[in-house]
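For reference, the structure discussed in these notes is given below.
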Amino acid sequence: MKRTPLIAGNWKMHLTIQEAVALAKEIAKSSQGLEDRKVMIAPAATSLNAVAKAVRESPVIVAGQNVAWKQQGAYTGEISPLMLKDAGADMAIIGHSERRHIFGEDNAMINQRMVGALTYGITPILCVGETLDERDDGLTWEVLKAQIREGMETIASEQAEKIVIAYEPVWAIGTGKTASKEQAQEAHLFIRGVLEGIYEKKLAEQMRILYGGSVKPDNVDDLMKMPDVDGALVGGAALQSDSFDRIIHFS
Ligand code: PEP
């Protein structure tokens, strides 16, 4: 099954509008001609529209770092799928570990965000991953299964085929400690099995599963060689054009 790899940069709470546009332009330039893979960037909400305009003539996809489940209303601090679309985004990261662990988002809320995004035409990247304590306690598979099953609840096959999953072990995010390629492959295969349990095998085989957690220029090639690793969600190394350029040009 051929899945088009996706390299996604999560800029988190970094970069002014001017800095974001400058970096986006560099990425747009280095993404030209890359036909066998997709490139996505998720700027902070303040830069979203300016970045979307800066990459308009390029293949770069723009994403929000989160998304609300309603089109509009009394939800202070939230950004609706309609607003994301209006600003130029086509995708949104949902359930990032920083949302789960710093801001207390649970699987039920993440599911609402997933359903809302899909309803209004935003493609979600659903992030899942275990903490170090959960891994040490032998709970990794249980945690991943719950995050996927509860996060995808009520989502029908026709909608699910668009969804991207990102396996991001919490102990590997921003720590410089990457999962080995074998650990990544093992988790991705497990996740594909969970998807197969919810949807049919054909659909589970079509869905892209990204790895995230300290992906760098010197480990991306090894990770991308694994059969169930379909791309990367990159934090720190997505903030410099030279390192992100190397990552999107993985071999
Ligand atoms: C992330 O923010 O999703 C991430 C994986 O960060 P880093 O690459 O810095 O570990």
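Place a +1 charge on the Cβ of each Lys and Arg in segment 148-194 and a -1 charge on the Cβ of each Asp and Glu, then give the dipole magnitude about the Cα centre in debye, rounded to the nearest 20.
Details: 5 positive and 7 negative charges, 37 e Å.
So the dipole magnitude of segment 148-194 works out to roughly 180 debye.
Report ³J(HN,Hα) in whole Hz for each residue of segment 144-159, in order, from the Karplus equation J = 6.51 cos²θ - 1.76 cosθ + 1.60 where θ = phi - 60°; Gly and Pro get x.
Computed from phi, the couplings for segment 144-159 are 4, 4, 5, 4, 6, 4, 6, x, 9, 3, 6, 8, 6, 3, 4, 8 Hz.
Can you list residues from other chains, or at least 5 along the same chain, whose modelled amide H is less than 5 Å from the amide H of HIS14?
Close amide H contacts, sequence-distant or interchain: ALA44.
Multiply the residue separation of ALA108 and GLU153 by 0.36 nm, subtract the distance between their alpha-carbon atoms, and state the gained length in nm to one decimal. Can you show the working numbers first?
Details: separation 45, 0.36 × 45 = 16.20 nm, distance 0.88 nm.
Gain in length upon complete extension: 15.3 nm.
Where nothing but the Cβ of Lys and Arg (+1) and of Asp and Glu (-1) is charged, how large is the charge dipole of segment 1-141 around its Cα centre, in debye to the nearest 20? If you can, show how the numbers build up before the last one.
Values: 15 positive and 16 negative charges, 124 e Å.
Dipole of segment 1-141, to the nearest 20 debye: 600 debye.
Between ASP136 and GLN32, what is the FRET efficiency for a Förster distance of 41 Å, r being their Cβ-Cβ separation, to the nearest 0.05? Can you show the working numbers first?
Values: r = 45 Å, r/R0 = 1.09.
The formula returns an efficiency of 0.40 here.
In terms of modelled amide H atoms, which long-range or inter-chain residues lie less than 5 Å from the amide H of ALA92?
Excluding prolines and chain starts, which carry no amide H, the hits are GLY64, THR123, ILE125.
In Å, what is the Rg of the alpha-carbon atoms in segment 1-132, and how long is Dmax?
14.8, 44
Which of the aspartates and glutamates could be linked to LYS53 by a straight reach, that is with a Cα gap under 12 Å, when you skip same-chain ones fewer than 8 residues away?
Of all the aspartates and glutamates, those that pass the test against LYS53 - Cα under 12 Å, at least 8 places apart if same chain - are ASP86.
What residues have an amide H closer than 5 Å to that of GLY235, excluding those fewer than 5 places away on the same chain, when H is modeled at 1.01 Å from N in the peptide plane?
ASN10, GLY213, SER214, VAL215
Just how far, in whole angstrom, is segment 209-230 from segment 128-182 if you go by their alpha carbon centroids?
15 Å
Taking the Cα centre of the chain as origin, sum charge times position over the Cβ atoms of Lys and Arg (+1) and Asp and Glu (-1), and report the length of that vector in debye to the nearest 20.
In debye, rounded to 20, the chain gives about 680.
For the chain, give the share of DSSP beta bridges that are antiparallel, in percent and rounded to the nearest 5; count only bridges with both residues there. Show your work: numbers first, answer last.
Numbers: 0 of 26 bridges.
In the chain, approximately 0 percent of DSSP beta bridges are antiparallel ones.
With Cβ to Cβ distances under 12 Å as the rule, what net charge do the other residues near ARG246 carry (K, R +1; D, E -1)? Don't jump to the answer; show the numbers that get you there.
Values: positive: LYS216; negative: ASP218, ASP221, ASP242, ASP245.
Surrounding charge for ARG246 is -3.
Shape call for the chain from the C-alpha gyration tensor, a ≥ b ≥ c root eigenvalues: rounded (a/c under 1.5), prolate (a/b greater than b/c) or oblate? Walk me through the numbers before you get to the answer.
Working: a/c = 1.43, a/b = 1.12, b/c = 1.28.
It comes out rounded by the Cα gyration axes.
Residue by residue through segment 46-61, what is 3J(HN,Hα) from phi via Karplus (6.51 cos²θ - 1.76 cosθ + 1.60, θ = phi - 60°)? Round to whole Hz and write x for glycine and proline.
5, 9, 3, 5, 5, 5, 4, 5, 5, 10, 3, 8, 10, x, 5, 9
Residues of segment 1-18 with backbone nitrogen within less than 19 Å of a virtual label 7 Å along the Cα-to-Cβ line of LYS202, please, listed as ranges.
Counting backbone N atoms under 19 Å from the label point, the list is 1-4.
If you take every residue apart from MET224 with its C-beta less than 13 Å away from the C-beta of MET224, what net charge results, scoring Lys and Arg +1 and Asp and Glu -1? Display every interim value, and only then the final one.
Working: positive: ARG3, ARG37, LYS181, ARG208, LYS216, LYS225, ARG246; negative: ASP36, ASP218, ASP221, ASP222, ASP228, ASP230.
Net local charge, MET224 excluded: +1.
Bear in mind that the values in this text are calculations on the coordinates, not laboratory data. No experiment lies behind these values; they were computed from the predicted model shown. Glycine also receives a Cβ, built like all others from the backbone with ideal geometry; neighbour counts cover every protein chain displayed.
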